[in-house]
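Scroll down for the structure; my scribbles are underneath it.
The values are calculated or read from the model by the stated rules, or taken from the named source; none is laboratory data. Since we're looking at a predicted model, the values are computed, not measured. Please note: Cβ atoms are built from the backbone with ideal geometry, for glycine as well, and neighbour counts cover all protein chains shown. All accessible areas refer to the heavy atoms of the entire protein, side chains included, with ligands and DNA or RNA removed. Shrake-Rupley method; radii C 1.70, N 1.55, O 1.52, S 1.80 Å.
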Amino acid sequence: MEGYRLGLYEKAMPDELSLEEKLLLAKKIGFDYVEISIDETEEKISRLDFDKKGKNELHQFMTEQGIFFETMCLSAHRKYPLGSADRKVRKKSLDIMRKAIVFARDLGIRVIQLAGYDVYYEKGTRQTRKNFHMALRQCVEYASEFGIILAFETMETEFMNTIGKARQVVNKVNSPYLQVYPDIGNIYNATDDYLGDIKKGNGHIVAAHLKETVEDVFRDMEYGQGRVDFKTCIFQFRSQGVARFTCEFWYDKKTDPEEYITRNYRYIRGCF
């Protein structure tokens with residue numbers, strides 16, 4: 001099957017590799033792009049403060065090597081959620097969002113994947129949901145200024161674990177700059193009607209995470225060890241015009257990284 005791009009999630013590679021080394025490893029194995037991670041660790045959040053010189057050098061390196069960070073997984077909002085009851089945390093969350101949008105603009109990243117949480121470590125309430133929706137509108141307005149698409153990941157909590165739930169929020173905001181970037185592994189753990197749920201995203205899915213899961217297990221699995229029917233899901237995504245897929249798995253810290261990633265790469269390529 002042609003006409004699609006396959007990316008690699010940054011955390012599939014060892015932490016000790018530099019960003020440049022990760023790009024080269026992904027390219028060597030055969031991936032088309034890399035998804036950079038801005039997670040809740042201060043080390044990764046600090047990337048958003050790269051100075052102009054640092055971003056220019058990284059962009060030049062990507063241009064010369066022909067492989068780019070084309071998407072961003074922004075999971076820092078787990079620690080600093082948009083819906084937090086704490087006003088200072090909400091302010092920090094919006095600051096992270098604004099910096100992420102500028103960072104994406106400067107590096108040529110087109111899509112920022114948002115975690116579908118109102119809160120994560122706090123207890124969700126009517127007020128946290130209200131806070132979330134108010135902050136989200138500010139995020140989308142800012143993203144629209146820079147032409148960056150924000151897209152919800154379907155998560156492992158009830159708040160937004162299906163495409164159907166993500167679409168409700170997307171429809172409410174009603175902006176071309178807020179879409180859906182689902183995680184098919186999480187959807188498998190949320191509903192038996194995973195194909196029906198994919199169909200609910202028709203016209204609003206900008207990319208898909210390909211992740212393996214079993215019931216109540218959401219990460220740290222190799223492809224083929226779980227229950228996700230990738231071939232059928234990919235076909236459904238492709239029938240809806242989705243052409244960007246990211247392999248989401250985590251480096252096991254035991255196997256040679258190139259061998260480990262290549263094994264998983266070959267499995268997923270075979271599903272297309």
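Points to keep in mind about this one:
- Test: residue in the range 204-222 that is in a loop (DSSP other than H, G, I, E, B), among the basic types (K, R) and buried (at least 22 other Cβ atoms within 10 Å of the Cβ): yes
- The residue list I187, I149 contains one member that is touching a strand residue (DSSP E or B) at 6+ places or on another chain (Cβ under 6 Å), of a type in the set (A, V, I, L, M), crowded, with 20+ Cβ neighbours inside 10 Å and under 19 Å from C73 (Cβ atoms), which is I149.
- 1 or more residues modelled with pLDDT of 95 or more and of a type in the set (D, E): qualifying strands (runs of 3 or more DSSP E) within the range 1-100: 33-38, 69-74
- Residue within the range 166-175 that is touching a strand residue (DSSP E or B) at 6+ places or on another chain (Cβ under 8 Å), outside any helix (DSSP H, G or I), among the charged types (D, E, K, R) and open to solvent by less than 70 Å² (accessible area, probe 1.4 Å) present: no
- Selection from the range 55-105 of residues that are within 19 Å of the chain's Cα centre (by Cα) and among the hydroxyl-bearing types (S, T, Y): T71, S75, Y80, S93
- The set of residues from the range 111-123 being touching a residue at least 12 places away in the same chain (Cβ under 8 Å), open to solvent by 10 Å² or more (accessible area, probe 1.4 Å) and out of contact with any Ser or Thr (no Cβ under 8 Å at 6 or more places or on another chain) comprises just one member, Y121.
- Any hit, the range 133-146, residues being outside any helix (DSSP H, G or I), without any contact (Cβ under 8 Å) to a residue 40 or more places away in the chain and over 16 Å from H77 (Cα atoms): no
- Among the numbered conditions (1) touching a residue at least 60 places away in the same chain (Cβ under 8 Å); (2) open to solvent by less than 20 Å² (accessible area, probe 1.4 Å); (3) under 21 Å from I198 (Cβ atoms), the only one that R244 does not meet is (2).
- Residue check for V228: closer than 24 Å to V169 by Cβ and either part of a loop (DSSP other than H, G, I, E, B) or open to solvent by 20 Å² or more (accessible area, probe 1.4 Å) (or both): no
- Members of the range 251-262 that are open to solvent by 30 Å² or more (accessible area, probe 1.4 Å) and either within 21 Å of the chain's Cα centre (by Cα) or touching a residue at least 24 places away in the same chain (Cβ under 8 Å) (or both): Y251, D252, K253, P257, E258
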